[in-house]
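The values are calculated or read from the model by the stated rules, or taken from the named source; none is laboratory data. These figures come from a predicted structure and were not determined experimentally. Because the Cβ atoms are built from the backbone with ideal geometry, glycine has one as well, and the counts that use them run over all protein chains shown.
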Amino acid sequence: MIQFKNVNKTYPGGFQALKGINFSLEAGEMAFLTGHSGAGKSTLLKLITLMEKPTSGQVIIDNNELSKIRYSQIPFVRRNIGMIFQNHNLLMDRTVFDNVALPLVIEGLSSRQIRKRVEAALDKVGLATKVKCLPYMLSGGEQQRVGIARAIVNKPPIILADEPTGNLDPKLSLDIIQLFEDFNAVGVCVLIATHDLGLIARMKYRTLTLKQGQMITDGLAHAEAV
Ligand SMILES: Nc1ncnc2c1ncn2[C@@H]1O[C@H](COP(=O)(O)OP(=O)(O)OP(=O)(O)O)[C@@H](O)[C@H]1O
């Protein structure tokens, strides 16, 4: 589902953020991506979402080699990826409903379909009663779940999360990870970038570790500091 073949990324200015990255994640697999601040985690996620291009090597998503994707096709590739951010990236002047509906409005679905899908997504994340709230009326954990509902509302086969538990206490972090496990259980490929080694150690999932742009481990979780 996600495959990196000898991927290098050098930013303009000459900083090499990723060096010779090779890995693949199958459909239905769930893994953590970890490493020190500046190790290249966000860069790796940006290559998957076509927000950045590799300097060399291949990024292949669902059998599409991304360097061969035309500009006009980018939205179609992105539609297959639900992206979750630490700071939620919610529209603060729009209701929970409107925030979650956004990807479907962009896709051009009818209002009836949108209502059905948004209600199902909010139900899944336990926020069915908050549809009319504005984001500021919600706790940090609830705002994060709105971000998750928005990411999964069009049922993407891939979920990428960048520090999804960064501002949450351990109990809420676990709740969020359990939500990802639920999506994973129905076949969604999930990749979670996090600094939270305690969380990783508790979960026993495959863990990809970056250090200064290189993948230094790829295997079952271990709680070593990197
Ligand atoms: N647009 C850019 N231009 C130049 N350098 C960049 C750019 N984006 C990131 N970098 C550099 O690339 C390196 C990797 O950054 P990246 O954001 O991928 O790290 P990270 O592992 O996600 O870090 P953090 O955990 O702090 O978010 C950093 O040294 C960063 O300064």
Q. For segment 75-89, which residues satisfy the criterion of being on the phi > 0 side of the Ramachandran plot and at pLDDT 85 or above?
A. 89
Q. Out of the residues in segment 108-130 that are among the aliphatic types (A, V, I, L, M) and assigned to a helix (DSSP H, G or I), which is surrounded by the fewest Cβ atoms within 10 Å (Cβ to Cβ)?
A. 128
Q.
Conditions first: (1) out of contact with any Phe, Trp or Tyr (no Cβ under 9 Å at 6 or more places or on another chain); (2) surrounded by fewer than 16 Cβ atoms within 10 Å (Cβ to Cβ). Residue 218 passes all but one, so which condition is the exception?
A. (1)
Q: Starting from segment 41-58, keep only residues that are closer than 14 Å to residue 20 by Cβ and in a helix (DSSP H, G or I), then list their pairs with residues that are among the charged types (D, E, K, R) and modelled with pLDDT of 95 or more whose Cβ atoms are within a distance under 6 Å, requiring at least 6 positions of separation or different chains.
A: 43/9
**Q.** Matching residues in segment 10-64 - criterion: being under 13 Å from residue 210 (Cβ atoms) and among the charged types (D, E, K, R)
**A.** 19, 41
Q | Boolean, residue 108 is within 16 Å of the ligand (Cβ to nearest atom) and not aromatic (Phe, Trp, Tyr) | A | no
Q: Output the qualifying pairs, or none if there are none: Cβ atoms under 9 angstrom, residues six or more apart or on different chains, first residue in segment 199-219 and without any contact (Cβ under 8 Å) to a residue 12 or more places away in the chain, second residue away from the ligand (no atom under 12 Å from the Cβ) and of a type in the set (D, E, K, R).
A: 217/224
